[in-house]
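None of the figures in this text is laboratory data; all of them are computed from the coordinates on show. These numbers were taken from a predicted model, which means no experiment stands behind them. For neighbour counting, all protein chains shown are included, and Cβ atoms are generated from backbone atoms with ideal geometry for every residue, glycine included.
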Amino acid sequence: MLRVKGVSVRYGSVQVLRRVSFHVAENEIVALIGANGAGKSTLLRALSGINRPFEGEILFRGEPLLKVSPERIVRMGLVQVPEARQLFPNMTVLENLELGGYLYGLKHVRAKLAEIYELFPVLMERSRQKAGTLSGGEQQMLSIGRALMARPRLLVLDEPSMGLAPLIVEEIYRTIEALHREGTTVLLVEQNAMGALAVAERGYVLETGRIVLSGRADELMEHDDVQRAYLGKDYEYKWER
Amino acid sequence: MNPIIVPRQWRALLPLAVVLWGLPLVMRNDYLLLLCNVMALNAMVVLGLNLLIASTGQVSLGHAAFYGLGAYLSAIASTTWQWPLFAALAFAAASVAVIAFLLALPTLKLEGHYLVMATLGFNIIVFICFNQMESVTGGPSGFSGIPRLALGSFALNTDLRFYVFIWTLFLVAFALTLNLLDSRLGRALKAIHQKELTAEVLGIPARRYKIVTFVLSTVYAAVAGFSYAHYVTFISPKTFDIFYSVQIVTMVAVGGMGSLWGGLAGTILLTALPELLHHFEDLHVLLYGLILMGVLVFCPQGLLPALKSLLSARLKTGGTAILRPAGMDRPPGSVGAGRGRNVSAPFPAGHPAGTGMQGDLPALKLSDISLDFGGLQALNQVGFDIPGGRVVALIGPNGAGKTTLLNVVSGLLRPRNGQILLRDRSLIGKSPCLVAREGIGRTFQAVQIFQDFTVLDNLLLGYHLQGHAGFLAGYLHTRAERREEAVLRDRALEHLDDFGLAEKAHSPAQQLSLLEQKLLELARALALSPSILLLDEPVGGLNPLESEVLVETISSLRERGIGVLLVEHDMNVVMQLSDRIEVLQHGNRIASGPPREIRQDPRVIAAYLGTRRR
Amino acid sequence: MAVSQNPIAVMSRDEVGQLQLERLQMTLNRAYFKVDFYRKRMDVLRMLPEDVGTFEDFRQFPFTTREDLTDHYPYGLFAVPLRSIVRLKITSPPLRDQTRPIVVGFTRHDTAMWQALMVRLFEQLGVTDRDIVQVAFNFSLFPGAFTFNHAAEMLGATLAPSATISATMQLRIMQDFRSTVLATTAAFALHIVDTMERQGWDASGLHLRLILLGPDPLSEITRRRVEAVFGVPVYGLYGVAEMGEPGMAGECPSRQGLHLAEDQFLAEIVNPATGEPLAPGQEGELVLTTLTAEGYPLIRFRTGDITVLRDTPCACGSTLARIIPILRRTDNRISIRGIPVYPEHVEELLKGVDPGMEDFRLVIHTQYGIGEQMEILICRAATDDLPGGNRAQYLELLRSQVRRALGLGVRVQVVEPERLPREGLTYKTVFRNVSPFSDDVP
C-alpha cells in the first residue's frame, strides 16, 4: 500500500534521511524504530507532505505523493496520529473527534462516531469534557480516535507511547492490535523498540537517517543490531566473543 | 591611515557631501530649500531610528515624541527660562536620554515587540501632555517666540544658512554612526539583532547594549527637535503626533530597515512625495499606507537591499558541495561524483590554551540541579563533575533533559535548586553573557552562524570580550580603536588558519559547507578562551567522513585542558570520544561511568529500547 | 506448499523490486559501517551508501572477486563479531602456505535463511513431510550438503543420511527404506546408474519420485542418462562455491531454468571481459549480491559462472527470475566429482613440493561431461635429486600432498616433455572422456 523508495530529506544543508526505503502492505502492521535523532519524525513529515524529499519516491496505493498537498494526502487515506497527541485542548472530546472527520460529511461523522465510541468507551463517557483535562492515556486514545474519523487506509502512529506510563502504553498497544485485527493497516513509528516490535509483524530499524536492519518483528527483537542502533557498537574487534 | 572620525566609507560620503553642499547653488527656489531642510531633519530622526533597528531589530513608534520633547524642552529652556542655546540643547538631550532610559529599562527586558507598544503609548501620552499642559507648552495653539539658532553671534536666520548647518550636522552624525556600526560594538549590535541569544552566549551584554542604543537613537531625535524648534521658531503639538512616527518608520521601512544609506534614500523619497501628492490632500494618508504595504509585500527588506541583491551576484548556500583534496579526483560519471566530500582535517594546533590551564585541572561542578516546566519535572537533582581536559558525554532518550541541562549551565535557564561551580565561583543565576565571561563556551544543535556576516566577522564576535573600545571610541573611530581592531583581526585570522578556514575568511558565512560552519562555530566558542565547552549535538547532519573530522577536532581540545560537556545522539561518536558518560532519563541521572560499562548497563539499555512485554 | 502458496514466489515484479531495493540499501549501509573491506573500498572511491538510489546507480559499485575474499582473510569481510557467528565454513581450503583460505561466517539468521531456501526448493518440487529424502554427499568435501539434511528435517520429511557408502549400499538402503527423493552430486548419480546397470537392478523396485542433483551444474546428457535409468524426473540446483551453500537457485517442475531466491539475492548478468551490465536474455557472467546475509555479505560478487537470466513468468506460476543451467566458467576452475580444483593452485602445490618441476598437465577423465578422475603428468629437468627420495617415494609424496590439499585421490606420473599433451582452453588441462571405473566411493 505504501512504498517508499530511496527517499532523502534535507533541512537546509543538513541531510537527515539518506535513501530510506521501506514498504507497508495491505493489512500489515509494520514498526519503524530508531533512537532519537535517527530521523523518524522527518520521515513522517515527508509522508504527510510537509517536508518534501529531494530525492526518491513515495507511492501510496500506486500514486506518487511527492507533489501532493498534505490535505489531499489525508483524503487519500494516509492519516497520522501525531507525536505528543496535539489535540485542541480547549475543545471538547466530541469537537476534537468531529474535526477529525472534517473532510467528510456530517452523516459520515455520526456513523463513524459510533464506531469510535465502541472502540474507546471512555471517550463516550467524557465526550463533553475539554480535551485538555483528559489523562495522558485518554488523550492518546482521543488522538487515535480523531485520526480514525478521517477513514484512514493507512494509520500512521508517531510515538504513541511517549510520555505515558507503562501500563497505559500496554493499553494503547492493545488497542492498536485490535484495530489491526479489524483490518486497519498500521505503521507504527517508535523509539520504544521492544514495545513496538511486540505489536508489529515486520520492522525496520532506522539509525542516523539510514535503514540498517529489517525483517520479521520477532526476529528483530532478538537481534543484536537493534541494540547497536541505539547504543552504538559493543565490540572493537571482529574476533571478540 | 585615516585621521580620526573619518569613516571607512568616506569615499561614498564625499560625493554625497559635494552634492548636498552644491545643491543650493543650483536651486533658485526658496521653497525647495525649505523642503530640503525638512528632509534633513527627518533624516536625523531616521538615522537614529535606523541605528535602533540595526542593533535590536525593534521598531519604535514613538520617535515623534522624542523629536517633540527635544523641541519643546529646548524651547522652554531657551525661551521661558532664558537659557543660552547650547545649555538648552544639553538640557533637552539629557532629559530625553533619561526619559528614554526609564522607558527602555523595563520594556527591553521582555522578549517580543513590547518596545513598539510602549513607544506607541508613550507617543500618545506625550502628545496629550503637549496639548494639555498649556501653561508650559502653550497647548494646541503652540509655542512661539523661540529664539533662532545662532553660532555665537552668527544667526542662522535664512533658509540657506540653516540648510548648510543642518546638512553638515547630519553628515557628521551619519559619518559617526557609520563608524559605530563598523566597529567592534557595531558588530555586536548587528549580532544582537540577528540572534540575541547567541550573542549573549558569546559574552555580549545584549540588554545593556539595547538600552544604550535606544537612548542614543532618541538623542538623535532630540537634537533634530532642537534644530527644528530654533529654525521655525514656532512649534505646535500637531507636528509631533503618531502620524509623524509612522512617517518616520515608513521612511525606514521603504529605504531599508537597518540600512543607514537606505534610511537616507527613504527619507528623501518620502519627504518629497507628499509635495508631489499635494493634490490628493486627504488621500495622502491612504497613499502612505498603500506605499508602506506595497514595499513590505514586494521588497520586504527595503528598496536599497532589494536593489543591491538585484545587482550583485546571487549567493548560494554551501550545502555539501565542496572541494575535494587535490589528487583524489574521482573517475567521471561514477557514483557520488556530484557530491564532493571535504576531507581536509583541520587540526587546530598551537592555539593559546584557555585560561583553564593553571596548575591543577579546573572543574565544573554541578550539584543538585532541579528544574520544572509547569507541572513537568525536567531535571531532578542532577549533579556531576566535568574535569578539565576530559570529555563528558550526556546521553539519554528523548525528553531526558539533556539540552535543558546545557541551557541551565549556559545561564539561559534558571533552576529551582542547585549549584554550578566553576573553579569555586558560583555561576547560578548569572546571565548568559556573564557565564560566557567566566569562561564557558557553547555551540548549538542548529549551527548559530550569522549568515550575513563574513567568516572572519563571525569569528571576531567571539573576540568581543577581548576588546574594550566603547561607544564613544566607536563613534569617533579613534586610533586606539583602530589598533585594537587590527590586533583582534590578526588573532582571528591566525585562529581561522588553525581550523583550515583562512582562505574563506572574507566569504559570506552562508557559503560554507555544514562541516565548515560547525568548525567556525567551534572556533568562535574557543575564542572566549573557555575552560569549559558545551557542545550540543555537534555531529548532527554530517556524513560519516565529515563526522570523523569534527570528532578529531573535538578530541584534540583535551590537550588544551578544556573540559567538554557533550550532548550527542550518535552513539558511536559518544563511545569514541568520551572519557565518561552520564545518562539521563526523565530528568534523572540513572547511570554514570566509562563508555564500556555504560554500553552494557541494563538500565541504560532498558531506558533506550524499552523492556519486553509479556 | 506449492509454488502458488509461497508468498515470495508470487510477488509481482514491482514488489520484488521494492523488496530488493530496501534490502540492497540496508546491505550497503551495513557493509559501509561494519565491513572493513567495503568501507575502505568505498572511502577510496569517495562513495557513501546513499549514493546508490536505484539499481542503475548500483552498477557503479565495484565488483568483488574471489581474490578479494582470499586477500582479506580472516576478518576483512566479516560484518559481525565472532560473538554473533554460529557457523564458520572453509569454502576454499588453503594450499600449503601460499594461498589463503576463504572462511565464511554465518549468524543464526543466516543459517536459518539458507535452510529455509532449501526448504523452498524442496517444496517447489512437491516434496512433503511424507517423503523420505536420501542425502548422499561426501560431507567433508562438500560441507554445504548438511543443508539438505537440515532442510529435510525442517520439512518434516524423514531422512536417511548415507554419507560415504558405496553405490551398491546406497541402492540397498534406497530400496529397503523406500526413499522417495535422492539428493546427490551428478557424478555420484552417474556412478549409481552405472552400478545399477552392471548389477542389473530393476528401477521399478525402487520408490524414488524425484532426484535432486547439485551443486555442480547439471548437463543435459547427465540428466537424460539418470532419468532414463531411474525413470523419475531429475532436477538441478545452484549454489556459489565460495558461499559454501547450495540452494541459491533451483529448478521447478516446468524445468525452464533455476528459480533464484530473489528476496535474498540480487542477480545481475555482466560482460565478463568489460563488466558492462547486460539485459535479461543475454549470456554473461552471473554477479550476485546478498541482500540479507548478516555474517558475510557479498556485494557484486563475480561468480565466474556464465549463464542467461530470464525474468519472464514461468509456467509453474512463480514470478521469480530464472537462470538457465550454467554454460561454462570464466576462469579455469574444473570440477572433479563436485570438488572444485584450480589448475593454478595445483601448480602452486606441485611447485611447493618440487621446485624443480618444469611443466605439468592435468588430465581429467570425464564421464557424461562430469570430471571423474584427475591424473597429473609432471615434467622435470633432472632425474636426480628427487624430493622424497626415490621415484616411488616422490610420486607418493606428491599424491599424498594433493590428497591432503584437495581431498582427491590422483594418479601421478613423470613424463618426458614431448609426451606432455597439448593443453586445451583451460590452463594446463586436458579432458578425456573415458569408460566408467569400478565400484568406487563418491
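Over the residues of the protein assembly as shown, the helix contribution to mean residue ellipticity at 222 nm works out to -13000 deg cm²/dmol, using -39500 (n - 2.57) for each DSSP H run of at least 4.
Residues whose amide H comes within less than 5 Å of that of residue C:207, counting only those at least five positions distant or on another chain, are C:179 (H built at 1.01 Å from N in the peptide plane). Remark: the Cα gyration tensor places the range B:207-269 in the oblate category, a/c being 1.5 or greater and a/b not exceeding b/c. Put a dot 7 Å past the Cα of residue B:421, heading toward its Cβ, do the same for residue C:166, and the two dots end up 9.1 nm apart.
Cβ-to-Cβ counts within 10 Å put A:204, A:235, A:230 in ascending order as A:235, A:230, A:204, the fewest first.
Residue separation of residue B:129 and residue B:452 scaled by 0.36 nm, minus their Cα-Cα distance, works out to 112.0 nm of gained length.
Where both residues lie in the protein assembly as shown, what percent of DSSP beta bridges are antiparallel, nearest 5? Looking only at bridges with both residues in the protein assembly as shown, the antiparallel portion is about 60 percent. Per-residue shielding of C:77-84, expressed as the average number of other chain Cβ atoms within 10 Å of the residue Cβ, stands at 5.
Taking every full run of DSSP H in chain A, none both stretches at least 18 Å from end to end by Cα along its long axis and averages 0.5 or higher on the Kyte-Doolittle scale.
Look at the stretch A:20-32: the mean tally of other chain Cβ atoms within 10 Å of its residues' Cβ atoms is 2. Screening chain C for whole DSSP H helices of 20 Å or more along their axis (Cα) with average Kyte-Doolittle hydropathy at least -0.5 returns C:108-124, C:391-406. The label-point distance for residue B:197 and residue A:103, in a model that sets each label 7 Å from Cα toward Cβ, rounds to 3.5 nm. Once the Cβ-Cβ distance of residue B:144 and residue B:287 is raised to the sixth power relative to R0 = 45 Å, the FRET efficiency obtained is 0.90. Where in the range C:347-375 is the amide nitrogen less than 20 Å from a point lying 7 Å along the Cα-to-Cβ axis of residue C:418? Residues C:358-361 qualify, since their backbone N sits under 20 Å from the label point.
In plain terms, if you count all Cα to Cα distances in the range B:423-579 and split them into 10 Å steps from zero, the share in each step is 10, 37, 35, 15, 3, 0 percent. Counting neighbouring beta carbons within 10 Å and listing from fewest to most, the residues C:312, C:70, B:443 come out as C:312, C:70, B:443.
Placing pseudo-labels 7 Å out from each Cα toward the beta carbon at residue B:154 and residue C:271 gives an inter-label distance of 9.2 nm. Mean Kyte-Doolittle of at least 0.5 and a Cα length of 30 Å or more along the axis: which whole DSSP H helices of chain B meet both? Span-like helices in chain B: B:30-56, B:85-107, B:159-182, B:206-232. In this calculation the C-beta distance from residue A:61 to residue C:6 is compared with R0 = 25 Å, giving a FRET efficiency of 0.50. Per the Debye calculation on the range B:37-100 with a single equal scatterer at every Cα and no solvent contribution, log₁₀ I(q)/I(0) for q = 0.14, 0.19, 0.29 Å⁻¹ amounts to -0.46, -0.77, -1.19. Here residue B:504 is the anchor, and the aspartates and glutamates within straight C-alpha reach of less than 13 Å, apart from those fewer than 8 places off in the same chain, are B:457, B:494, B:516. The alpha carbons of the range C:314-364 give a radius of gyration and a Dmax of 18.3, 60 Å, in that order.
Summary of packing: across the peptides B:164-176, B:24-36, the per-residue average of other C-beta atoms within 10 Å ranks them, highest first, as B:164-176, B:24-36. Compactness ratio for the range A:30-103: Cα radius of gyration over 2.2 N^0.38 Å (N = residue count) comes to 1.26. Would you please classify the overall shape of the range B:187-313 from the alpha carbon gyration tensor, given that a ≥ b ≥ c denote the square roots of the eigenvalues, rounded means a/c under 1.5, and beyond that prolate means a/b larger than b/c while oblate covers the rest? Because a/c hits 1.5 or more and a/b fails to exceed b/c, the range B:187-313 counts as oblate.
Share of pairwise Cα-Cα distances greater than 53 Å in the protein assembly as shown is 45 percent (whole percent).
Peptides B:181-188, A:105-112, B:72-79 ordered by packing proxy, namely the average of other Cβ atoms within 10 Å per residue, highest first: B:72-79, B:181-188, A:105-112. Residues C:110, C:71, B:282, arranged from fewest to most other Cβ atoms within 10 angstrom of their Cβ, appear as B:282, C:71, C:110. Eigenvalues of the alpha-carbon gyration tensor of the range A:4-161, scaled by 5 and square-rooted, set the equivalent ellipsoid semi-axes at 30, 17, 13 angstrom, largest first. Listed by chain and number, the lysines whose alpha-carbon sits under 19 Å from that of residue A:67, ignoring those within fewer than 8 places in the same chain, are A:5.
The antiparallel fraction among DSSP beta bridges confined to the range C:300-442 stands at about 65%.
Taking the empirical scaling 2.2 N^0.38 Å for compact globular proteins as reference, chain B has a Cα radius of gyration ratio of 1.14. The convex hull defined by the C-alpha atoms of the range A:88-241 has an orientation-averaged projected area of 10.9 nm². All Cα-Cα separations within the range B:13-71 were binned at 5 Å from zero, giving a P(r) of 4, 14, 19, 20, 14, 15, 10, 3, 0, each value a whole percent of the pairs. Each 5 Å bin from 0 upward holds the following percent of the Cα-Cα pairs of the range B:517-614: 2, 11, 22, 22, 17, 13, 8, 3, 1, 1, 0. From other protein chains only, count the Cβ atoms within 10 Å of every residue's Cβ in A:5-18, then give the mean. That works out to 5 on average.
Restricting the calculation to Cα atoms, chain C yields a radius of gyration followed by a Dmax of 22.5, 70 Å. Protection proxy ranking, highest mean first, for peptides A:127-140, B:387-400: B:387-400, A:127-140, where packing is the per-residue count of other beta-carbon atoms within 10 Å, averaged. Can you list residues from other chains, or at least 5 along the same chain, whose modelled amide H is less than 5 Å from the amide H of residue B:377? Long-range HN contacts for residue B:377: none found.
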